[in-house]
Amino acid sequence: MLFTIFGATGDLTTKKLIPALYNLYFEEEMPENFKVINIGRRAYTSEAFVDEIREKMSGDYPRWEAFKKHLLYFQMDFSNSEAYPDFKKFVEDLPGQYRNRIFYLATAPRFFPIIAQALIQCKMIRRDDFREKIVFEKPFGEDLASAKAYNRLLLEAIDESQVFRIDHYLGKEMLQNILMVRFANKIFENIWNSESIESVKIYAMETESVKQRGGYYDHSGALKDMVQNHLFQTLSLVAMEPPGGLNDNLIKDEKVAVLDRVRVSDEVIYGQYAGYQNEKGIAPASTTETFVGLKLYIDTPRWKETPFYLVTGKMMSKKRAGIEITFKDATCFFEKGMPKKNKLFIEIFPREGLVLQFNGKAPGLAAYTMPMKLDYCHLCNVVGNSPEAYEKLISDVVHNDASLFTRWDEIESSWRIIDAMIEKKGLSKPVIYGSESEILSECEKRWKEPVFDEDMD
Ligand SMILES: NC(=O)c1ccc[n+]([C@@H]2O[C@H](COP(=O)([O-])OP(=O)(O)OC[C@H]3O[C@@H](n4cnc5c(N)ncnc54)[C@H](OP(=O)(O)O)[C@@H]3O)[C@@H](O)[C@H]2O)c1
């Protein structure tokens, strides 16, 4: 197998792709005969590239010396279509036969059509040769129009089954767990609606600034970088109707149905961290949002007026992601004690787990009610390591399993929402925040409720 990474000098390759490929190799999940071709425009020998990438990778890699023999570097400007015949020759001249070919586009979306078209034109990827596949990082497109154009270009030349649109959130264990928790438990099935649920919060907080990615991020912002993909994917799993079966397409049909019924409220808070405009690659007086606090509704009989809050931001105090489902107050006839609302926390990062908050009797003679928690730590009960999202997804591409990849109509529906939000937002100035608490208190003022449950911090 030949695994080619376009954009291999970038952050994603060092942080996620090479470690994931290494882990698959370590676990003997890679085919015996494989090469990873790393493409970048900087001048490196394969050896220098591999040494530099290893220096930047954190953690232990006991079989690195054996693994690194499978890594190659190929220097090329991937935006130049004339460079592809040389790349093709490089591949053809490799000793050994590599009929399974995966092209992984770890680049900004504006390069997607250029690279895809060049690969198609030089016949490195051909329709219906299912051993030739192309993987696109998120976000797929920069808006609905560009996403549609990219998709058309692809499907005119190759088959949908050769296209993998990645959203690595879907490879996370707890995202995969949402459907199990919802549909394999009678206790949740009957209360998963507006009758019982007061609100749902979905959050993904990052501590990092835009770092070296200012040029990309300033054209994207949190809406396109996080909400269009990770948060909408999570939302659709939480809110979807039961699918007609466990068939991948039936599940995706229900996810699309959720996105098509989203109604974004006027209570959207856009923030930008103080100092953003001084970062490298950012336009002067940029109004790009690095924080979004979004309140929306899903107009289905199940959800009626239940608010869903989606929150994401850069330069937050702690990196964390999860879902907080708050249930309505029970009719409580116990007079003493401090009962709290029932909550279900689905923890995605850093801990993977489930916490259910409920009320019970405080120990002692008196009938005091007090909140208590059932706590399940997903990782703690796993023998060995839980696979990283990228490991799972790369392995799925190798095995032609597209169930955790985004289908075109999911992308189309999510861009439709984001485009409308961007149009409404226009060039209005985001709230400048110096800290997480500053921007969250802005949300709390607007929404009249705390963003996070203080007990879960
Ligand atoms: N970083 C993450 O953790 C992460 C997580 C999830 C998804 N993603 C997605 O993954 C994609 C890539 O992200 P990234 O963070 O790796 O971006 P990045 O750090 O900007 O890397 C992109 C790489 O592409 C190279 N490049 C740009 N133009 C080129 C050209 N014409 N020819 C050859 N190489 C060229 C750049 O190399 P030069 O140095 O030569 O410019 C750069 O190293 C994005 O779509 C992003 O949304 C990233």
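Could you check the simple spin-label distance between Glu189 and Phe349, using points 7 Å along Cα→Cβ, in nm with one decimal?
Going from the Glu189 label point to the Phe349 one covers 3.3 nm.
Taking 37 °C and 0.692 mPa s as the conditions, I'd like the Stokes-Einstein D for the range 1-78 in µm²/s, using the Kirkwood hydrodynamic radius from alpha carbon pairs.
262
Per residue, how much accessible area does the range 1-138 have with a 1.4 Å probe, in Å²?
48
How many lysine pairs in the range 329-457, separated by 8 or more positions in sequence or lying on different chains, have Cα atoms less than 12 Å apart?
Pairs that pass both the separation and distance tests number 4.
Counting DSSP beta bridges in the chain, what percent are antiparallel, to the nearest 5?
55
Check each of the trypsin sites (Lys or Arg not before Pro) in the range 200-267 and keep only those in coil by DSSP with at most 16 other C-beta atoms within 10 angstrom; list them in order.
Listed in order of number, the matching sites are Arg261.
With charges set only on the Cβ (+1 for Lys and Arg, -1 for Asp and Glu), what does the dipole of the range 2-165 come to about its Cα centre, in debye to the nearest 20?
Rounded to the nearest 20 debye, it is 260 debye.
Computed from the mean reciprocal separation of all distinct C-alpha pairs, what Kirkwood hydrodynamic radius does the chain have, in Å?
23.7
Determine the gain in length on full extension of the stretch Tyr376-Leu155; use 0.36 nm per residue of separation and subtract their C-alpha separation, reporting nm with one decimal.
75.2 nm
Output the Cα-based Rg and Dmax of the range 342-383 in Å, rounding Rg to one decimal and Dmax to a whole number.
Just the Cα atoms of the range 342-383 yield Rg and Dmax of 13.6, 43 Å.
If the convex hull of the alpha-carbon atoms of the range 2-165 is projected onto planes in all directions, what is the mean projected area in square nanometres?
9.4
Could you put Lys340, Lys35 in order of accessible surface area, largest first, with the 1.4 Å probe and the full protein assembly present?
Lys340, Lys35
Report the Cys residues of the chain lacking a disulfide-compatible partner, meaning no second Cys Cβ under 4.7 Å from their Cβ.
Cysteines lacking a close Cβ partner in the chain: Cys122, Cys332, Cys443.
For the range 347-360, just list the computed ³J(HN,Hα) in residue order, Karplus coefficients 6.51, -1.76 and 1.60, θ = phi - 60°, integers in Hz, with x standing in for Gly and Pro.
8, 9, 7, x, 8, 9, x, 9, 10, 10, 9, 9, 10, x
Under a plain spin-label model, where a point goes 7 Å from the Cα along Cα-to-Cβ, how far apart in nm are Lys318 and Trp64?
The two pseudo-label positions are separated by 3.1 nm.
On the principal axes of its Cα set, how long, how wide and how thick is the range 220-272? Give whole Å, largest value first.
Here the spans come out as 43, 21, 14 Å, largest first.
Separation between the Lys56 and Ser403 pseudo-spin-labels, each 7 Å from Cα along Cα→Cβ, expressed in nm?
The answer from the label model is 3.4 nm.
The values are calculated or read from the model by the stated rules, or taken from the named source; none is laboratory data. These numbers were taken from a predicted model, which means no experiment stands behind them. All Cβ positions, glycine included, derive from the backbone under ideal geometry; neighbour counts span all protein chains shown. Note: accessible area is taken over every heavy atom of the protein model, side chains too, but ligands, DNA and RNA are not part of it. Shrake-Rupley method; radii C 1.70, N 1.55, O 1.52, S 1.80 Å.
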